Amino acid sequence: MASDMRAVGVTEFGGPEALHVVDVPAEPLGAGQVRIRVAAATVNPTDTGLRAGLYARGEDRADPPKVPGMDAAGTVAEIGPDVDGDLAVGDLVMAVVVPTGSHGAYREDLVVPAASVVRVPAGTDALAASTLPMNGLTARLALDRLALRPGQVLAVSGAAGALGGYVVQLAKAEGLTVVADAAEADEELVRSFGADVVVRRGEGVAGRIREAFPDGVDGAVDTALLHEQLTPAVRDGGGFATVRGWAGDGDRLTFSPVFVREYAQNRDALDRLRQQAEDGVLTLRVAQTFPAEQAAEAHRRLEAGGTRGRLVLTF
Ligand SMILES: NC(=O)c1ccc[n+]([C@@H]2O[C@H](COP(=O)([O-])OP(=O)(O)OC[C@H]3O[C@@H](n4cnc5c(N)ncnc54)[C@H](OP(=O)(O)O)[C@@H]3O)[C@@H](O)[C@H]2O)c1
């Protein structure tokens with residue numbers, strides 16, 4: 001059996017200081033799976049929830065350590081039986097990870113389904129590539145749920161954020177008109193993603209979107225969790241994608257709570273994101289990197305707000 005591997009996790013749920021380096025056994029490699037020597041793992045809002053125990057239940061709490069992390073990039077170390085396709089040992093790859101127990105992206109030895117892994121976009125390193133899988137797939141899923149046609153209008157809240165930025169860029173690539181919210185300081189950034197109209201974020205945002213689109217927009221992706229503050233921007237019968245499980249406030253709109261787990265083994269979608277990053281459709285944004293030992297500091301930074309681009313842990 002391989003020796004213990006370095007990971008970052010929690011043995012007791014809590015604040016950022018609860019995160020520390022833990023030793024975990026190397027993960028067994030099964031059929032259809034790939035072992036990755038992780039070089040980079042991003043820090044996402046959901047990781048802070050896992051760390052704090054928001055998703056823990058009963059027996060779950062009793063079985064430490066918990067290792068967060070939903071995307072990773074690194075080198076293919078080993079390929080299990082029955083993996084078809086184009087991956088080879090030594091390839092630089094990126095993967096989406098569905099964390100459970102000590103299986104999460106914050107670990108140097110990671111085994112994931114081959115369907116969750118593709119090569120990094122040509123010309124990018126592990127740091128930049130790690131920012132793409134989870135939020136890119138979530139953006140893809142939200143847009144697939146809304147299924148708007150070219151020329152229709154999409155509103156995006158939290159457009160300066162990691163998820164919001166990808167939603168704007170993917171939407172533009174498929175011919176949608178995009179209205180996005182931004183603080184004054186982020187307006188240029190959000191325009192650089194291709195937003196056609198940028199309105200000031202904050203209270204009254206739906207009214208400002210309606211001023212620009214008096215009939216209402218056809219759909220919205222609400223990455224800033226504005227919920228009923230944003231719904232009035234959408235026309236009757238329009239679509240509304242939510243990202244933290246909110247199921248909506250009535251039947252005027254079609255609500256789609258999206259969960260990226262659903263696309264965690266959609267390799268075609270992940271590979272298309274790779275291609276779109278190579279083509280310049282998607283911009284990969286690393287805000288700051290931290291050695292894995294400083295994960296607590298990275299969580300503090302994320303929770304303080306105001307990060308633009310993704311914080312990345314290095315292993
Ligand atoms: N369901 C899923 O599968 C799934 C997958 C991925 C992400 N998510 C969720 O999606 C959300 C966004 O994730 P992310 O990684 O993109 O976070 P992020 O990078 O922090 O982006 C969120 C953006 O929203 C902005 N914001 C905060 N309050 C706002 C307001 N009242 N009006 C307008 N903008 C506001 C933030 O600005 P400040 O920094 O200035 O606060 C930030 O720019 C998180 O809740 C995350 O958990 C869900």
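General remarks:
- Failed item, numbered, when Ala122 is tested on (1) part of a helix (DSSP H, G or I); (2) outside the structural domain of Arg244 (by TED's automatic domain parsing); (3) out of contact with any strand residue (DSSP E or B) (no Cβ under 6 Å at 6 or more places or on another chain): (1)
- Residues that are surrounded by 24 or more Cβ atoms within 10 Å (Cβ to Cβ) and near the ligand (Cβ under 10 Å from one of its atoms), drawn from segment 137-155: Leu137, Thr138, Ala139, Ala142
- Scanning segment 28-57 for residues that are over 21 Å from the mean Cα position of the chain (by Cα) and at pLDDT below 95 returns a single hit, Arg57.
- Test: Thr231 is in contact with a Phe, Trp or Tyr (Cβ under 7 Å, 6 or more places away or on another chain) and within 12 Å of the ligand (Cβ to nearest atom): no
- The listed residue being crowded, with 18+ Cβ neighbours inside 10 Å, in contact (Cβ under 8 Å) with a residue 60 or more places away in the chain and within 15 Å of the ligand (Cβ to nearest atom), out of Val112, Val34, Val43: Val43
- Scanning segment 125-156 for residues that are among the basic types (Lys, Arg) and in a loop (DSSP other than H, G, I, E, B) yields a total of 1.
- The condition of being surrounded by fewer than 14 Cβ atoms within 10 Å (Cβ to Cβ), outside the structural domain of Arg140 (by TED's automatic domain parsing) and under 22 Å from Val8 (Cβ atoms) holds for Gly101.
- Any hit, segment 208-224, residues being within 22 Å of Gly305 (Cα to Cα), surrounded by fewer than 16 Cβ atoms within 10 Å (Cβ to Cβ) and within 15 Å of the ligand (Cβ to nearest atom): no
- Residues located in segment 196-247, provided they are under 20 Å from the mean Cα position of the chain (by Cα) and of a type in the set (Lys, Arg): Arg244
- Near pairs, Cβ below 6 angstrom, 6+ apart or cross-chain, from segment 253-264 (on the phi < 0 side of the Ramachandran plot and free of Cβ contacts under 8 Å to residues at least 60 places away in the same chain) to any residue that is assigned to a strand (DSSP E or B) and more than 7 Å from the ligand (Cβ to nearest atom): Leu253/Val234; Leu253/Gly238; Leu253/Phe240; Thr254/Gly239; Phe255/Phe240; Pro257/Thr242
- The set of residues in segment 236-262 being β-branched (Val, Ile, Thr) and either open to solvent by 20 Å² or more (accessible area, probe 1.4 Å) or more than 14 Å from the ligand (Cβ to nearest atom) (or both) consists of Val243, Thr254.
- The lone exception for Gly306 - which of (1) within 13 Å of the ligand (Cβ to nearest atom); (2) outside any loop (DSSP other than H, G, I, E, B) it fails: (2)
- Test result for Gly14, surrounded by fewer than 17 Cβ atoms within 10 Å (Cβ to Cβ), in contact with a Gly (Cβ under 9 Å, 6 or more places away or on another chain), more than 19 Å from Gly90 (Cα to Cα) and in contact (Cβ under 8 Å) with a residue 24 or more places away in the chain: yes
- The single residue among Arg308, Arg272, Arg301 that is open to solvent by 50 Å² or more (accessible area, probe 1.4 Å), over 15 Å from the mean Cα position of the chain (by Cα), assigned by TED's automatic domain parsing to the domain that holds Gly15 and farther than 20 Å from His227 by Cα turns out to be Arg301.
- Of all residues making up segment 164-193, the number that are farther than 13 Å from Ala220 by Cα and either outside any helix (DSSP H, G or I) or within 12 Å of the ligand (Cβ to nearest atom) (or both): 12
The values are calculated or read from the model by the stated rules, or taken from the named source; none is laboratory data. The model shown is predicted, which means the values in this text are computed figures rather than measured ones. For neighbour counting, all protein chains shown are included, and Cβ atoms are generated from backbone atoms with ideal geometry for every residue, glycine included. Keep in mind that these areas ignore ligands, DNA and RNA; they rest on the heavy atoms of the full protein, side chains included. Shrake-Rupley method; radii C 1.70, N 1.55, O 1.52, S 1.80 Å.
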